[in-house]
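See below for the structure under consideration.
The values are calculated or read from the model by the stated rules, or taken from the named source; none is laboratory data. Because the structure is a prediction, the values reported are computed rather than measured. With ideal geometry, Cβ positions are generated from the backbone for all residues, glycine too; neighbour counts draw on all protein chains shown.
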Amino acid sequence: MIKLAPSILSADFGNLAAEIKKVTALGAEYIHIDVMDGSFVPNITVGSPVVKKLRPVTEAVFDVHLMTEHPETQVAAFAEAGADIITFHIEATRHAHRLVQTIREAGCKVGVALNPGTPLTMLDELLTDIDMALIMTVNPGFGGQKFIATMPEKIAILRHTAEDNGLNLDIEVDGGINGETAGTVREAGANILVAGSAIYEAPDMAAAMEQIRNG
Ligand code: DX5
Ligand code: ZN
């Protein structure tokens with residue numbers, strides 16, 4: 001089943017509670033929270049205190065995407081704040097296997113993100129221990145960038161690998177997903193679709209979400 005994860009990066013940061021309620025009322029299963037530290041990526045966004053204040057707003061899955069250096073230092077705070085899934089970038093840690101365990105011990109599902117230039121082989125030793133792989137379909141750091149057209153092939157290879165190994169792996173995609181690009185990633189085997197600008201900047205949010213889910 002396809003799940004939608006609207007990214008609050010493109011929402012009105014002055015009214016985040018209302019912005020979250022808008023998309024959950026339209027059926028969004030996940031809320032994608034982009035955490036940027038100004039070092040792994042140039043921008044700075046939100047930290048765990050913001051997540052904690054937003055937690056009572058919805059029962060939707062809080063899908064925290066850490067675009068930070070030293071992601072291991074953030075796990076306890078985001079777990080305590082109410083994250084359901086914590087995803088770290090494989091490029092940001094030397095101790096990925098340990099970090100997978102740390103996230104799980106904190107009571108969260110585990111996601112591992114790969115930048116577009118990072119090969120799938122980086123996941124080889126982790127695949128059986130994680131819940132989700134996040135395939136970046138843009139280079140992280142900004143909303144509203146253009147989808148990288150070679151990424152569906154990467155997604156398809158990962159989906160085949162998961163199936164061949166009998167793994168019930170979630171594959172999330174993030175970056176440049178809209179009504180035009182969603183079909184290619186769904187066909188390739190992605191089942192959780194993040195979209196920021198295509199949802200929050202759409203003239204008709206419901207229609208945009210429907211397009212991404214089924215269009
Ligand atoms: C990019 C972030 C994305 C961003 C996607 O670094 O990880 O989650 O919000 O934005 P769009 O959907 O506008 O490409
Ligand atoms: Zn993201």
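Scanning region 82-111 for residues that are of a type in the set (D, E, K, R) and more than 18 Å from the chain's Cα centre (by Cα) yields Arg94, Arg98, Glu105. Any residue that is at pLDDT 95 or above, over 18 Å from Asp37 (Cβ atoms) and within 16 Å of ligand 2 (Cβ to nearest atom) - is there at least one of those in region 86-98? So far as region 86-98 goes, no, none of its residues is at pLDDT 95 or above, over 18 Å from Asp37 (Cβ atoms) and within 16 Å of ligand 2 (Cβ to nearest atom).
Flag: Ala149 matches the condition of being surrounded by fewer than 17 Cβ atoms within 10 Å (Cβ to Cβ), among the small types (Gly, Ala, Ser) and either within 11 Å of ligand 1 (Cβ to nearest atom) or free of Cβ contacts under 8 Å to residues at least 60 places away in the same chain (or both).
Taking the criterion of being out of contact with any helix residue (DSSP H, G or I) (no Cβ under 8 Å at 6 or more places or on another chain) and under 30 Å from Ala207 (Cα atoms), would at least one residue in region 73-84 satisfy it? Don't jump to the end; show me each part of the working.
Looking only at region 73-84, we keep the residues that are out of contact with any helix residue (DSSP H, G or I) (no Cβ under 8 Å at 6 or more places or on another chain), and these are 73, 76, 84.
From what's left, under 30 Å from Ala207 (Cα atoms): 84.
Yes, region 73-84 contains at least one residue that is out of contact with any helix residue (DSSP H, G or I) (no Cβ under 8 Å at 6 or more places or on another chain) and under 30 Å from Ala207 (Cα atoms).
Here Ala79 meets each of (1) within 18 Å of the chain's Cα centre (by Cα); (2) closer than 29 Å to Ala182 by Cα; (3) not hydroxyl-bearing (Ser, Thr, Tyr) with one exception, condition (2). Does Ala60 meet the test of being more than 14 Å from ligand 1 (Cβ to nearest atom), over 27 Å from Arg94 (Cα atoms), under 16 Å from the mean Cα position of the chain (by Cα) and among the small types (Gly, Ala, Ser)? Here the answer is yes, as Ala60 does meet what is asked.
Selection over region 1-34 of residues that are farther than 18 Å from Tyr200 by Cα and touching a strand residue (DSSP E or B) at 6+ places or on another chain (Cβ under 8 Å) gives a count of 1.
Take the conditions at pLDDT 95 or above and farther than 19 Å from Asp131 by Cβ and apply them to Asp63. Does it pass? No. The single condition from (1) in contact with a strand residue (DSSP E or B) (Cβ under 6 Å, 6 or more places away or on another chain); (2) closer than 24 Å to Glu29 by Cα; (3) within 16 Å of ligand 2 (Cβ to nearest atom) that Pro116 fails is (2).
Entry remark, region 170-204: residues being more than 15 Å from ligand 1 (Cβ to nearest atom), outside any helix (DSSP H, G or I) and surrounded by fewer than 16 Cβ atoms within 10 Å (Cβ to Cβ) number 2 in total.
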